[in-house]
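Q: This is the structure I want to talk about, given as structure tokens.
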Amino acid sequence: MKVDLLLKGGHVIDKDQKINQTADVAVKDGKIWDVASELPIEAQETIDAGGCIVSPGLIDNHLHMYADATDAGIDPNICLFPNGVTTGIEGGSPGVANYEQYRKTVINQSRVRIKCYISAASTGMITRKYSENFNPEYFERERICALFKKYPEELLGLKIRFSKPIIGDMGMKPLEEVV
């Protein structure tokens with residue numbers, strides 16, 4: 001049997017499999033085929049992982065990954081994937097007004113799996129210079145519902161930044177409206 005990739009001699013950590021040891025990892029057809037102390041196996045590509053940690057892909061559960069459209073955005077292909085993060089949770093950079101563009105320019109071009117919270121504010125979190133408008137009067141409920149129906153596998157929920165400087169005197173109303 002010949003595998004596609006063999007990672008040799010890395011420190012393998014996989015809590016689910018109860019592995020925490022130096023081992024080889026064989027990959028075939030994009031999936032882990034075997035993990036053992038020493039795999040006497042032929043591989044199309046072999047990487048010396050000695051001195052490295054080998055683990056399942058990491059998850060970052062709050063990011064802003066809209067690099068070219070927001071002040072706080074990063075590029076997941078540059079900032080996450082090379083650091084072992086294979087899943088990122090978008091923390092509300094896009095809103096309903098720009099979510100389709102976000103899908104085209106970020107999700108569809110990313111090597112990282114992306115799940116999203118979208119901002120209840122239609123424009124999302126564009127700049128640090130001023131806050132989003134979380135006045136429930138301006139929430140686009142029909143468009144929000146349509147997006148959640150269209151993308152149920154990638155949208156996790158709505159994001160609202162709920163603090164006095166952002167909400168002002170609206171009290172609990174913005175939070176009550178997104179629940």
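Q: Which of the GluC sites (Glu not before Pro) found in region 141-179 are in a DSSP loop and have at most 10 neighbouring Cβ atoms, other than their own, within 10 Å?
A: Answer by residue number: GLU153.
Q: Compare ARG161, ARG143, ARG113 by solvent-accessible area with a 1.4 Å probe and give them largest first, with all protein chains kept in place.
A: Putting ARG161, ARG143, ARG113 in descending order of accessible area: ARG113, ARG143, ARG161.
Q: Name the residues whose placed amide hydrogens come within less than 5 Å of the amide hydrogen of LEU5, ignoring near sequence neighbours (fewer than 5 apart) on the same chain.
A: Amide H neighbours of LEU5: VAL27, GLN44, GLU45.
Q: What is the set of long-range amide H partners of ASP34 at a cut-off below 5 Å, with H atoms built 1.01 Å from backbone N?
A: Close amide H contacts, sequence-distant or interchain: ALA26.
Q: Mind ranking 8-21, 99-112 by how tightly packed they are, going by the mean number of other C-beta atoms within 10 angstrom, highest first?
A: The peptides rank, most packed first, as 99-112, 8-21.
Q: Based on Cβ point charges of +1 for Lys and Arg and -1 for Asp and Glu, what charge dipole magnitude is obtained for region 39-179 about its Cα centre, in debye rounded to the nearest 20?
A: 360 debye
Q: Next question. Taking springs between alpha-carbon atoms closer than 10 angstrom, which of PRO82, PRO94, PRO165 fluctuates most in the Gaussian network model of the chain?
A: Largest GNM mean-square fluctuation: PRO165.
Q: Would you mind working out the magnitude of the charge dipole of region 96-165 relative to its Cα centre, with +1 at each Lys and Arg C-beta and -1 at each Asp and Glu C-beta, to the nearest 20 Debye?
A: 300 debye
Q: Along region 5-17, what does the Karplus equation 6.51 cos²θ - 1.76 cosθ + 1.60 (θ = phi - 60°) give for ³J(HN,Hα), rounded to whole Hz, x for Gly and Pro?
A: 9, 10, 9, 9, x, x, 7, 8, 10, 9, 4, 4, 8
Q: Note down the magnitude of the dipole of region 19-99 about its Cα centre, charges +1 on Lys and Arg C-beta and -1 on Asp and Glu C-beta and zero elsewhere, to the nearest 20 debye.
A: It works out to roughly 220 debye.
Q: Separate question: Tell me the accessible surface of THR87 in square angstrom (1.4 angstrom probe, heavy atoms of protein chains only), to the nearest ten.
A: 10 Å²
Q: Could you work out [θ]222 nm for the chain from helices alone, using -39500 (n - 2.57) per DSSP H run of at least four and dividing by all its residues? Round to the nearest 500 deg cm²/dmol.
A: The per-residue figure over the chain is -4000 deg cm²/dmol.
Q: Tell me, how many Å apart are the Cα centres for region 70-133 and for region 34-66?
A: Cα centroid to Cα centroid, the span is 26 Å.
Q: Give the average over all directions of the projected area of the C-alpha convex hull of region 1-157, one decimal, in nm².
A: 11.4 nm²
Q: Sticking with this one: Of SER37, SER93, which has the most accessible area and how do the rest follow, probe 1.4 Å?
A: So the residues, ranked largest to smallest area, are SER37, SER93.
Q: How do MET65, MET170, MET125, MET1 rank by accessible surface area computed with a 1.4 Å probe, from largest to smallest?
A: Largest to smallest exposure gives the sequence MET1, MET170, MET125, MET65.
Q: Whenever you get a sec, compute what percent of the accessible area on the chain sits on carbon and sulfur atoms (1.4 Å probe).
A: Percent of accessible area from carbon and sulfur atoms in the chain: 51.
Q: At q = 0.14, 0.24, 0.33 Å⁻¹, what base-10 log of I(q)/I(0) does the Debye formula yield for region 126-169 when every alpha carbon is treated as an equal point scatterer in vacuo?
A: Scattering profile of region 126-169, log10 relative to I(0): -0.44, -0.95, -1.17.
Q: If you don't mind, there's one more thing I want to ask. Please work out the average accessible area per residue across region 86-137, using the 1.4 Å probe convention, and give it in Å².
A: About 46 Å² of surface per residue is accessible.
The values are calculated or read from the model by the stated rules, or taken from the named source; none is laboratory data. Being a predicted model, the structure only gives us computed values, none of them experimental. Cβ sites come from the backbone with ideal geometry, for glycine too, and all protein chains shown count toward neighbours. Keep in mind that these areas ignore ligands, DNA and RNA; they rest on the heavy atoms of the full protein, side chains included. Shrake-Rupley method; radii C 1.70, N 1.55, O 1.52, S 1.80 Å.
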